[in-house]
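Trainee: Structure provided below as structure tokens; questions to follow.
The values are calculated or read from the model by the stated rules, or taken from the named source; none is laboratory data. Bear in mind that the values here come from a model prediction, so they are computed numbers and not experimental data. Ideal geometry is used to build each Cβ from the backbone, glycine not excepted, and the neighbour counts take in all protein chains shown.
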Amino acid sequence: MPEDVSPPIINKAQALRSALHRHNYQYYVLDDPEISDAEYDRLLQELTRLEEKYPQLQRQDSPTVRVGAQPLDKFDSVAHSIPMLSLDNGFNDDDILEFDKRVRRNLGDPDNIIYTAEPKMDGVAVELIYENGKLVTAATRGDGQTGEVITANAKTIQTVPLVMQLHPSIPVPSRCEIRGEVFIGLDAFKQLNQERIQQEQPPFANPRNAAAGSLRQLDSKITSTRPLEVFFYGVGMVEDTVFETHGALLETLKQWGFRINPLIRSGITIDAVLNYYRELSEKRHQLAYDIDGVVVKVDRVDLQEQLGTTSRSPRWAIAYKFKAIQETTTIKAIEVQVGRTGVLTPVAHLEPVNVGGVRVSRATLHNQDEVEKKDVRIGDHVLVQRAGDVIPEIVKVIVSKRVGRETAFKMPGVCPVCDSKVIRIEGEAATRCINTSCSAQLKERIKHFAAKGAFDIDGLGAKLVEQLVDKELLSSYADIFKLDEAVLSDLDRMGAKSAANLKNAIEKAKSIALGRFLFALGIRQVGEHVAMLLADHFAALDALMDSSRAELEAVDGIGPTVAESIVRFFEQKHNRRIIDQMLASGVKLETAGPKKSGKLNGQVFVLTGKLENFTRSQAKTLIESAGGKVGGSVSGKTNFVVAGDAPGSKLDRARLLGVKIIDEQTLKKMLSHTP
Ligand code: JCF
């Protein structure tokens, strides 16, 4: 029997719910939080505890539902009351001027039409239905007429209001349909993919696929772990309310609690739209998310209605698309590369082609399944695409261009580097070389060991590592610390000076924080984040090396798979021997002492522009060792933006959000005040 709930407790739960909704709105929509993240978390905790203790208090619109609900067997479908149309595309200024002419002609040739211009988000369109201010249904766009019901998933997205906020003069409609685009930011996308690779799951090809895949999960608990965001841009059916302009509509949506892209510009002429497009094309690569063009809309709603729609798209809007980042070329060969953990990856060698300003001559084919799914053959004409920092990839084969001389590709049965047998474990996409002394794996492991975030050895780059392994001067991490300066100076592209510099850099790198050391070891499942958790928890290498599975699993953030992998690594005698050799060569582990008591505890920094006195990686390390954090993009959570030379759009955003902007000198002072 559940306990009876007394009125004060009911009121308490209600008060917590309203407070949390309001703080969400302050944070995500207005970018102006009134309480700290920690305070927010405490309120959420308190409500969660109450709802656990008194299940009668649970509500569909409680802020606690963001964690996900029971998994579904399949999605229901729902018809949109007003079709969700797609947009007509324009590709150059003439197309847009033509659109403006067409609009004016259809309206009886007025002189000037006023427009709204906005970034076109490269995400997934959704519609949210609210009844009396409460979210009742969320649906995907589907084919435009009928979508899939994804309510539980949508509720896990922080920026989806569960209840609408009150507007000072416009009442919440009895029913309304609000439309927006769900997406994943670029930093979050990178991190998500890193985690997936770490967990040996296939990475997503691009942020859009990641967003679509996350939104179409039958288990909303999975969706809740994905960093989805949303910007709203329009409405379907709205009862009781008329909007005069699109700009006014967006303003009202914002008041109702819907997050609107701050880059939207309303009330501008067609010439200003063209300028906006040019500005945004330049800013595009500095934005925290992918966009693929500019959406242009006639601002006055009565004129939109006069213009109407065709069966495919509204006559009052057009998408001005950015230049394609896809091109066609041919596959000259397919090579198989062996990675750090022995995974074989087929890589296509392409006839070089310029894709959005970058020369592309290789594209990853991921694995055998991917090659088969896309039916990629050597000699094929293919469409290649580049998205942000992601490795170029093959979108599809242009089958109509086949001449019959193309040859199929098959994963080799032996490692192309060491000739050992390769294996493919049931249910895994990866084929692996399991010879741990395979020179390809060794090269990749050593590159990882010497890279930023690990030992960070200046001058020990990819080419040099390859040479050193090929000449058998390196056969383990430990050998790095025994390299002989005279031998180094005799290598290709080296000399006395660079040999001395390298020796120096290796000497300096010997003193290293435990977390970086652990990351450098390249233990499977142990990425930068897990390595830091381990270092924080165990503080000393011995303690970690001798810990059991159970002790490891007791660490917050470490699960059974990771624990298993760590135990296995340290069980192997040769791994321990290499560590002993490194320590004997003078590698010294710094204890993670002052971190918890740092002066910058809990402060979030974002770096922009070029710093004079340190690299970004150094600045990050310094801030983190003083207890601070370094974020990739400016948000309401950011405390300081450090502006170096030629700062980017992050500075604009900091000004917009009123985040404190400091220079490098100030940062140095803050760091030097740290114990
Ligand atoms: O950001 C978008 N992808 C986006 C798509 C923005 C809009 O304002 C849209 C849209 C699709 C249709 N507006 C319409 C009418």
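Trainee: May I ask you to list pairs of residues, at least six apart or on different chains, whose Cβ atoms are under 6 Å apart, with the first in segment 202-220 being closer than 22 Å to F75 by Cα and the second being hydroxyl-bearing (S, T, Y) and surrounded by 21 or more Cβ atoms within 10 Å (Cβ to Cβ)?
Mentor: S214/T223; Q217/T223; S220/T156
Trainee: Another question, then. Inspect all residues belonging to segment 413-435 and state whether any of them is among the hydroxyl-bearing types (S, T, Y), in contact (Cβ under 8 Å) with a residue 40 or more places away in the chain and within 16 Å of G339 (Cα to Cα). Steps first, please.
Mentor: Looking only at segment 413-435, we keep the residues that are among the hydroxyl-bearing types (S, T, Y), and these are 420, 431.
Okay, now just the ones that are also in contact (Cβ under 8 Å) with a residue 40 or more places away in the chain, so 431.
Within this subset, residues satisfying the condition of being within 16 Å of G339 (Cα to Cα) are 431.
Checked against the condition, which is being among the hydroxyl-bearing types (S, T, Y), in contact (Cβ under 8 Å) with a residue 40 or more places away in the chain and within 16 Å of G339 (Cα to Cα), segment 413-435 yields at least one hit.
Trainee: Would you tally the residues in segment 34-58 being without any contact (Cβ under 8 Å) to a residue 24 or more places away in the chain and among the aromatic types (F, W, Y)?
Mentor: 1
Trainee: From the list D100, D94, D111, exactly one residue is surrounded by 17 or more Cβ atoms within 10 Å (Cβ to Cβ), out of contact with any Pro (no Cβ under 7 Å at 6 or more places or on another chain) and over 25 Å from K155 (Cβ atoms). Which is it? If you could, list the steps in order and put the result at the bottom.
Mentor: On the way: D94 fails: surrounded by 17 or more Cβ atoms within 10 Å (Cβ to Cβ); D111 fails: surrounded by 17 or more Cβ atoms within 10 Å (Cβ to Cβ).
Answer to the selection: D100.
Trainee: Taking segment 261-279 as the region of interest, how many residues are basic (K, R) and touching a residue at least 24 places away in the same chain (Cβ under 8 Å)?
Mentor: Pass one, segment 261-279, residues basic (K, R): 265, 278.
Those still in the list that are touching a residue at least 24 places away in the same chain (Cβ under 8 Å) too: 265.
Residues in segment 261-279 being basic (K, R) and touching a residue at least 24 places away in the same chain (Cβ under 8 Å): 1 in total.
Trainee: Where residues in segment 358-396 are of a type in the set (V, I, T) and under 12 Å from E327 (Cα atoms), which of them is surrounded by the fewest Cβ atoms within 10 Å (Cβ to Cβ)? First the steps, then the outcome.
Mentor: First pass over segment 358-396, keeping only residues of a type in the set (V, I, T): 358, 360, 364, 371, 376, 378, 382, 384, 390-391, 394-395.
Within this subset, residues satisfying the condition of being under 12 Å from E327 (Cα atoms) are 358, 360, 382, 384, 394-395.
Working: V358: 10, V360: 21, V382: 24, V384: 22, I394: 22, V395: 15.
Residue satisfying both the conditions and the ranking: V358.
Trainee: If I go through segment 364-406 residue by residue, how many of them are over 27 Å from I184 (Cα atoms) and of a type in the set (G, A, S)? Give the derivation first.
Mentor: Within segment 364-406, the subset over 27 Å from I184 (Cα atoms) is 368, 372, 375-382, 397-406.
So of that shortlist, the ones also of a type in the set (G, A, S) come out as 379, 400, 404.
Qualifying residue count, segment 364-406: 3.
Trainee: I would also like to ask the following. Of all residues in segment 110-157, which are at negative phi, polar (S, T, N, Q) and away from the ligand (no atom under 16 Å from the Cβ)? First the steps, then the outcome.
Mentor: Here is the first cut: in segment 110-157, the residues at negative phi are 110-131, 134-141, 143, 145-157.
Subsequent filtering for residues that are polar (S, T, N, Q) retains 112, 116, 137, 140, 145-146, 151, 153, 156.
Selection gives N112, T137, T146, T151, N153, T156.
Trainee: Mind checking whether some residue in segment 203-213 is out of contact with any strand residue (DSSP E or B) (no Cβ under 7 Å at 6 or more places or on another chain), closer than 27 Å to V136 by Cα and away from the ligand (no atom under 16 Å from the Cβ)?
Mentor: yes
Trainee: Taking P161 as meeting all but one of (1) within 16 Å of the ligand (Cβ to nearest atom); (2) buried (at least 23 other Cβ atoms within 10 Å of the Cβ), write down the number of the exception.
Mentor: Going through the list (1) within 16 Å of the ligand (Cβ to nearest atom); (2) buried (at least 23 other Cβ atoms within 10 Å of the Cβ), P161 breaks only (1).
Trainee: Any chance segment 171-182 includes a residue that's away from the ligand (no atom under 16 Å from the Cβ), in a loop (DSSP other than H, G, I, E, B) and free of Cβ contacts under 8 Å to residues at least 40 places away in the same chain?
Mentor: So far as segment 171-182 goes, no, none of its residues is away from the ligand (no atom under 16 Å from the Cβ), in a loop (DSSP other than H, G, I, E, B) and free of Cβ contacts under 8 Å to residues at least 40 places away in the same chain.
Trainee: Also, quick follow-up: For A363, are the conditions met, namely being within 30 Å of I291 (Cα to Cα) and not assigned by TED's automatic domain parsing to the domain that holds N504?
Mentor: Yes.
Trainee: Also, quick follow-up: Consider N89 against the criteria (1) within 29 Å of the chain's Cα centre (by Cα); (2) closer than 30 Å to D219 by Cα: it satisfies all of them except one. Which criterion is unmet?
Mentor: (2)
Trainee: Working only within segment 639-652, note down all residues that are modelled with pLDDT of 85 or more and either touching a helix residue (DSSP H, G or I) at 6+ places or on another chain (Cβ under 7 Å) or assigned to a loop (DSSP other than H, G, I, E, B) (or both).
Mentor: N639, V641, V642, A643, G644
Trainee: While we're on this one: Which residue out of I264, I268 is more than 14 Å from the ligand (Cβ to nearest atom), of a type outside the set (D, E, K, R) and assigned by TED's automatic domain parsing to the domain that holds V124? Explain how you work it out, then say what you get.
Mentor: Numbers: I264 fails: more than 14 Å from the ligand (Cβ to nearest atom).
Unique residue meeting the criteria: I268.
Trainee: Within segment 6-64, take every residue that is assigned to a helix (DSSP H, G or I) and of a type in the set (K, R) and give me the one that is nearest to R653 (Cα to Cα).
Mentor: R22
Trainee: Take V230 and tell me if it is within 13 Å of the ligand (Cβ to nearest atom) and in contact (Cβ under 8 Å) with a residue 60 or more places away in the chain.
Mentor: Values: within 13 Å of the ligand (Cβ to nearest atom): yes; in contact (Cβ under 8 Å) with a residue 60 or more places away in the chain: yes.
Yes: the conditions hold for V230.
Trainee: Please verify whether segment 348-357 includes one or more residues that are assigned by TED's automatic domain parsing to the domain that holds E406, more than 13 Å from the ligand (Cβ to nearest atom), at pLDDT below 95 and among the hydrophobic types (A, V, I, L, M, F, W, C).
Mentor: Yes: segment 348-357 contains one or more residues that are assigned by TED's automatic domain parsing to the domain that holds E406, more than 13 Å from the ligand (Cβ to nearest atom), at pLDDT below 95 and among the hydrophobic types (A, V, I, L, M, F, W, C).
Trainee: While we're on this one: So which helices (runs of 4 or more DSSP H) are wholly in segment 471-533 and hold at least 1 residues that are basic (K, R)? Don't jump to the end; show me each part of the working.
Mentor: Numbers: elements: 485-489, 496-509, 514-520.
Answer list for segment 471-533: 496-509, 514-520.
Trainee: Going by the conditions given, is Q191 among the polar types (S, T, N, Q) and within 23 Å of I157 (Cα to Cα)?
Mentor: On the way: among the polar types (S, T, N, Q): yes; within 23 Å of I157 (Cα to Cα): yes.
Here the answer is yes, as Q191 does meet what is asked.
Trainee: Then there is this: Which ones in segment 248-261 are of a type in the set (A, V, I, L, M, F, W, C) and within 16 Å of the ligand (Cβ to nearest atom)?
Mentor: If we filter segment 248-261 for residues that are of a type in the set (A, V, I, L, M, F, W, C), which is where we start, we get 248-250, 253, 256, 258, 260.
Within segment 248-261, A248, L249, L250, L253, F258, I260 qualify.
Trainee: Looking at segment 105-133 only, could you name the residues that are acidic (D, E) and either modelled with pLDDT of 95 or more or not assigned by TED's automatic domain parsing to the domain that holds I260 (or both)?
Mentor: Residues of segment 105-133 that are acidic (D, E), as a first pass: 109, 111, 118, 122, 127, 131.
Correct list: E118, E127, E131.
Trainee: I've got another one for you. Would you confirm whether any residue within segment 189-208 is farther than 18 Å from E127 by Cβ, modelled with pLDDT of 90 or more and small (G, A, S)?
Mentor: Within segment 189-208, none of the residues are farther than 18 Å from E127 by Cβ, modelled with pLDDT of 90 or more and small (G, A, S).
Trainee: Just the residues that are of a type outside the set (V, I, T) and either surrounded by 23 or more Cβ atoms within 10 Å (Cβ to Cβ) or under 18 Å from R226 (Cα atoms) (or both), please, taken from segment 148-158.
Mentor: A152, N153, A154, K155, Q158
Trainee: L107 - would you say it is within 15 Å of the ligand (Cβ to nearest atom) and under 17 Å from G308 (Cα atoms)? Spell out how you get there, then give the answer.
Mentor: On the way: within 15 Å of the ligand (Cβ to nearest atom): no; under 17 Å from G308 (Cα atoms): yes.
Here the answer is no, as L107 does not meet what is asked.
This table checks each residue for (1) within 16 Å of the ligand (Cβ to nearest atom); (2) out of contact with any His (no Cβ under 8 Å at 6 or more places or on another chain).
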position: E282; (1), (2): no, yes
position: Q286; (1), (2): no, yes
position: Y289; (1), (2): yes, yes
position: G293; (1), (2): yes, yes
position: Q304; (1), (2): yes, no
position: T310; (1), (2): yes, yes
position: K321; (1), (2): yes, yes
position: I325; (1), (2): no, yes
